[in-house]
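Chemist: The following block contains the structure, expressed as structure tokens.
The values are calculated or read from the model by the stated rules, or taken from the named source; none is laboratory data. Computed from a prediction, not measured in an experiment: that's the story for all the values here. A quick note on method: Cβ atoms are made from the backbone with ideal geometry, for glycine too, and the neighbour counts reach across all protein chains shown. Surface areas here come from the heavy atoms of the whole protein model, side chains and all, with no ligands, DNA or RNA. Shrake-Rupley method; radii C 1.70, N 1.55, O 1.52, S 1.80 Å.
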Amino acid sequence: KIITQAIPFGTYHLTHPEGTNWFEFAKQIVKSLNLSLKIQATDSDTFKRPASRPLNGRLNAGKLGAYDIVMNDWTLSLNQFLNNK
């Protein structure tokens, strides 16, 4: 759709509108692969990194909203990737 609709040149973020976080992403990987692991949430204060982290690091895909571009649910795409289908 992006190619055929002649969308103006620019930077576009293509993401699922609901988004997720690293904790939910990790939990979904464990669930999808049927692993017997326990995932524990942490926060930036507990898990120190050299660079500070933004409170909200999600990409804004709003620019593509005007062009009727719809993403699959991210869990479906993750499952397809993990199962190589």
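Chemist: May I have the count of lysine pairs in the chain with C-alpha atoms under 22 Å apart, counting pairs 8 or more residues apart or located on different chains? Intermediate results must be reported in sequence, preceding the final value.
Modeler: Numbers: K1/K63; K27/K38; K27/K48; K27/K85; K31/K85; K38/K48.
Qualifying lysine pairs in the chain: 6.
Chemist: To test your reading of the geometry: what angle, between 0 and 90 degrees and rounded to tens, separates the Cα axis of helix 22-32 from the longest principal axis of the chain?
Modeler: 80 degrees
Chemist: With a probe of 1.4 Å, find how much accessible area the stretch 1-44 has per residue, and write the answer as a whole number in Å².
Modeler: I get 86 Å² per residue for the stretch 1-44.
Chemist: Comparing A61, A41, A26, which has the greatest mean-square fluctuation in the GNM of the chain with Cα pairs linked when under 10 Å apart?
Modeler: Result: A41 has the largest fluctuation of those listed.
Chemist: How far, in nm, would the chain grow between L82 and K38 when pulled straight, counting 0.36 nm per residue and subtracting the alpha carbon separation?
Modeler: Roughly 14.0 nm would be gained on extension.
Chemist: What chymotrypsin sites (Phe, Trp or Tyr not before Pro) in the stretch 6-58 are in a loop by DSSP, with at most 13 other Cβ atoms within 10 Å of the Cβ?
Modeler: Working: sites: F9, Y12, W22, F23, F25, F47; in loops: F9, Y12, F47.
Those satisfying the criteria are F9, F47.
Chemist: For the chain, with only Lys/Arg (+1) and Asp/Glu (-1) charged at the beta-carbon, what is the dipole magnitude about the Cα centre, in debye rounded to 20?
Modeler: Rounded to the nearest 20 debye, it is 240 debye.
Chemist: With all protein chains present, calculate the accessible area of L14 using a 1.4 Å probe and round the result to the nearest 10 Å².
Modeler: Its heavy atoms expose roughly 90 Å² to the probe.
Chemist: Moving on. Ignoring ligands, DNA and RNA, what percent of the accessible area of the chain is carbon or sulfur (1.4 Å)?
Modeler: Result for the chain: 55 percent of the exposed heavy-atom area is carbon or sulfur.
Chemist: A further question on this structure: Which one, T42, T15, T75, has the greatest fluctuation when you compute a Gaussian network model over the chain with C-alpha springs under 10 angstrom?
Modeler: It is T42.
Chemist: In the full protein assembly as shown, how much of S36 is accessible to a 1.4 Å probe, in Å² to the nearest 10?
Modeler: Ignoring ligands and nucleic acids, S36 comes out at about 120 Å².
Chemist: Please name whichever of A66, P50, S77 sits farthest to the positive end of the charge dipole of the chain, dipole taken about the Cα centre and charges placed at Cβ: Lys and Arg +1, Asp and Glu -1.
Modeler: Projecting each Cα onto the dipole axis, the largest value belongs to P50.
Chemist: Provide the solvent-accessible area of R58, counting protein heavy atoms only and rolling a 1.4 Å probe, rounded to the nearest 10 Å².
Modeler: Its heavy atoms expose roughly 140 Å² to the probe.
Chemist: Is the chain rounded, prolate or oblate when judged by the Cα gyration tensor, a ≥ b ≥ c being the square roots of its eigenvalues, rounded requiring a/c under 1.5 and prolate requiring a/b larger than b/c?
Modeler: oblate
Chemist: Also, quick follow-up: Pop the C-beta distance of F9 and F47 into the FRET formula with R0 = 41 Å and round what comes out to the nearest 0.05.
Modeler: Numbers: r = 39 Å, r/R0 = 0.94.
With R0 = 41 Å, the Cβ-Cβ based efficiency is 0.60.
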